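Notes for the one structure printed next.
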Amino acid sequence: MFDIDVPEEEVTPASSPTDAADRRGPMAAAVRENAESLRERRSVEERIRAENDALAHEHVRLKRAGLILDMVPTHLVDAEKLTRDRAPGRDDALEELKASIMAIGLSNPIRVERKANGRFELIQGWRRLRAFIELEGLHRDGRFTHIPAGYVAGGDDLALSYRRMVDENLIRKDISFAEMAMLARAYVADPDTGCDDIDKAVATLFQSAGYQKRSYIRAFAELLSAVGEGLAHPQALGRNLGLDVRRRLDGDRDAAARLTARLAAAPNRTVEEEAAILRDFVAETARTAPRASPSARPAARAKTTLRIGSALGEVRCLAANGRLELRAAADFAAVEPRRLESAVAAFIAAMTCDREGG
């Protein structure tokens, strides 16, 4: 007999899911990997979409607050919506601003409103824009073709846009009462504002200013209404001298004509020469003015405002003691002089016929 060693039978363990997966073909593995990749991609896309939505909402919020900045081409910026409080002539401080921009750049961006035609409307920063345009003309290296600008939400009320400009300019130390008065008068003349009274214009535009300052602005507006066309340097007129001239014109119908004639006699006068003419006028009228009774009170200045429909469109009429103004969207200077004279004469005749018994 022989001893035969029979090897023990190996027990094959049951296959696990992992082993089954390992035994899958290459196609199944590729499908599985592709599905996992798609799930990961969707997850990434959802995160990116959520981040983009959050950024879009933040962008809208900052834009409404005027905090979004961009480099805007200067040739696409218009300054048509608002009448600027700038007197004609050279701005001496502009050269200082240009030198500052050349040395350290623009510290305070302008503010613009995007227009439907792809251009921009200037709300704040007329002087800064003017400096960039002039620098662009001097330096053709591309540095000044675009200006930093903050976006203002479109559709703002016109009065609010004026207020934005005015409140910024009130910070300036060099802005004169005459310039502020010119802006108030331009606000009344703008048919889109719906304002036909200088007092309302001053109250609307200069809400941030104190009562005394607003009264000075109104006085300068009345001065400009009387002799504004005759002044060559209104922006240089000091507060005290301007108020003195305004007081000397009040109650004297012929004083404005005399002052205008005196100014016209010196056509090429300097700032100092114009101030001397105004001081002489104040001194002379002070000597000849009658003394008022201590108990007398100044009469209230009554005025009437009308809106009249015509072939010219709406005509606004302001009637006051010694003054009558007609405003319409028409160039009256283009009317033939004889025709204009005939129309004015007929108007005056119609106004006085009752008094003469006609």
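The values are calculated or read from the model by the stated rules, or taken from the named source; none is laboratory data. This one's a predicted model, so the numbers in the text were calculated from it and none came from an experiment. Because the Cβ atoms are built from the backbone with ideal geometry, glycine has one as well, and the counts that use them run over all protein chains shown. Heads up: the accessible areas ignore ligands, DNA and RNA and are worked out on the full protein's heavy atoms, side chains in. Shrake-Rupley method; radii C 1.70, N 1.55, O 1.52, S 1.80 Å.
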Practice item. Evaluate segment 116-129: report whether one residue or more is out of contact with any strand residue (DSSP E or B) (no Cβ under 9 Å at 6 or more places or on another chain), surrounded by 15 or more Cβ atoms within 10 Å (Cβ to Cβ) and modelled with pLDDT under 90. Key: yes
**Study point:** Within segment 72-115, tally of residues that are within 30 Å of Gly228 (Cβ to Cβ), assigned to a loop (DSSP other than H, G, I, E, B) and either modelled with pLDDT of 80 or more or more than 19 Å from the chain's Cα centre (by Cα) (or both)
**Key:** 4
Practice item. Just name the residue that is modelled with the lowest pLDDT out of those in segment 251-269 that are more than 13 Å from Leu231 (Cβ to Cβ) and open to solvent by less than 90 Å² (accessible area, probe 1.4 Å). Key: Gly251
Practice item. Look at segment 102-115 and say how many of its residues are surrounded by 11 or more Cβ atoms within 10 Å (Cβ to Cβ) and aliphatic (A, V, I, L, M). Key: 4
Practice item. Mind listing whichever residues of segment 214-235 are open to solvent by 40 Å² or more (accessible area, probe 1.4 Å) and free of Cβ contacts under 8 Å to residues at least 60 places away in the same chain? Key: Arg214, Tyr216, Arg218, Glu222, Ala226, Glu229, Ala232
Exercise for review: Output the residues belonging to segment 332-353 that are open to solvent by less than 90 Å² (accessible area, probe 1.4 Å) and not in a helix (DSSP H, G or I).
Suggested key: Val335
Point to revise | Filter pass, Gly238 being open to solvent by less than 50 Å² (accessible area, probe 1.4 Å) and at pLDDT below 85 | key: no
Check your understanding: Does Lys213 meet the test of being at pLDDT below 75 and more than 21 Å from Lys81 (Cα to Cα)?
Key -> no
